[in-house]
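A.B. asks: Got a structure here, written out as structure tokens. Questions coming.
The values are calculated or read from the model by the stated rules, or taken from the named source; none is laboratory data. Just so it is clear, the model here is predicted, and its values are computed rather than measured. With ideal geometry, Cβ positions are generated from the backbone for all residues, glycine too; neighbour counts draw on all protein chains shown. The area values use the complete protein model at the heavy-atom level, side chains included, leaving out ligands, DNA and RNA. Shrake-Rupley method; radii C 1.70, N 1.55, O 1.52, S 1.80 Å.
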Amino acid sequence: MLIECTYCKAKVDAKLLSSHEEYDPAIDPFKYKVSLLVCPSCDNSLVGIQEHLETYEGKFKWSETTRVWPSPKKYIPLSVPSIVRTLLEEAERCINAGAYTAAIAMCGRALEGICRHFKTTNLYLGGGIKELLEKGIIDKRIYQWSEELHKHRNIAAHADEHNMTKEDANDLRDFVVAISEYVFILTEKFNN
């Protein structure tokens, strides 16, 4: 069963030790399967989940396996616009590949995607996040996070002596995910 191994930093064909299928139509739209796996390269345990999805032909098949333990991937809800979601997923892939500077650049692009979604008139990231603050889409604290991300994105985008670390990339990715959750999910929940 193909799954990303957090230890090997690679997609591996893991050995299936056990799996269990569950389905509660009152809670879940689809049946799902939880599997206990072992990586064939490093012999570490992994837990993955698959959904039983309907194809265009009306048949059912299991989805790709998503790792839920250890270190599950950050789930980006569908209510986050696709441009932002795609860039956050790309940032995650960069982090997993050890390309931390590229991950930070993708985080900056994701923040730009938020600005574009809200149709800011300023084409530059700094001006765009300032417009988000002025329009009341983000508050002062989120604006401060955005400014910090903007500063790091500029460092990542231009050749200089700065070395970006894994911690930098993870923190900045977490900031953009938090900003996305704030503007696209929590704000909508509050409004409802």
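A.B. asks: Please find, among Leu37, Leu88, Leu17, Leu53, the residue that is open to solvent by 30 Å² or more (accessible area, probe 1.4 Å) and at pLDDT 90 or above.
C.D. replies: Selected residue: Leu17, the only one of Leu37, Leu88, Leu17, Leu53 that is open to solvent by 30 Å² or more (accessible area, probe 1.4 Å) and at pLDDT 90 or above.
A.B. asks: Name every residue in region 149-170 that is of a type in the set (A, V, I, L, M, F, W, C) and touching a residue at least 40 places away in the same chain (Cβ under 8 Å), in order of residue number.
C.D. replies: Scanning region 149-170 gives Leu149, Ile155, Ala156, Ala157, Met164, Ala169.
A.B. asks: Then there's this: Considering only residues that are at pLDDT 90 or above and open to solvent by 100 Å² or more (accessible area, probe 1.4 Å), which ones fall in region 20-34?
C.D. replies: His20
A.B. asks: Which of the residues spanning region 162-190 are modelled with pLDDT of 90 or more and basic (Lys, Arg)?
C.D. replies: Lys166, Arg173
A.B. asks: Mind checking whether some residue in region 78-86 is in a strand (DSSP E or B), without any contact (Cβ under 8 Å) to a residue 24 or more places away in the chain and under 22 Å from the mean Cα position of the chain (by Cα)?
C.D. replies: No: zero hits.
A.B. asks: Which residue, of Thr101, Thr66, Thr121, is surrounded by 12 or more Cβ atoms within 10 Å (Cβ to Cβ), touching a Gly at 6+ places or on another chain (Cβ under 9 Å) and at negative phi?
C.D. replies: Only one candidate passes the filter, namely Thr66.
A.B. asks: Which residues, counting only those in region 131-164, are in a helix (DSSP H, G or I) and either over 23 Å from Phe190 (Cβ atoms) or of a type in the set (Val, Ile, Thr) (or both)?
C.D. replies: Of everything in region 131-164, those that are in a helix (DSSP H, G or I) and either over 23 Å from Phe190 (Cβ atoms) or of a type in the set (Val, Ile, Thr) (or both) turn out to be Ile142, Glu147, Glu148, Leu149, His150, Lys151, His152, Arg153, Asn154, Ile155, Ala156, Ala157.
A.B. asks: Let me ask something additional. Going residue by residue through region 141-158, is there one that turns out to be over 21 Å from Gly128 (Cβ atoms) and open to solvent by 50 Å² or more (accessible area, probe 1.4 Å)? Give the derivation first.
C.D. replies: In the first step, residues of region 141-158 are kept if they are over 21 Å from Gly128 (Cβ atoms); the result is none.
No, region 141-158 contains no residue that is over 21 Å from Gly128 (Cβ atoms) and open to solvent by 50 Å² or more (accessible area, probe 1.4 Å).
A.B. asks: Tell me yes or no: at least one residue of region 174-187 is out of contact with any strand residue (DSSP E or B) (no Cβ under 8 Å at 6 or more places or on another chain), part of a loop (DSSP other than H, G, I, E, B) and under 16 Å from Glu90 (Cβ atoms).
C.D. replies: Looking for residues that are out of contact with any strand residue (DSSP E or B) (no Cβ under 8 Å at 6 or more places or on another chain), part of a loop (DSSP other than H, G, I, E, B) and under 16 Å from Glu90 (Cβ atoms), one finds none in region 174-187, hence no.
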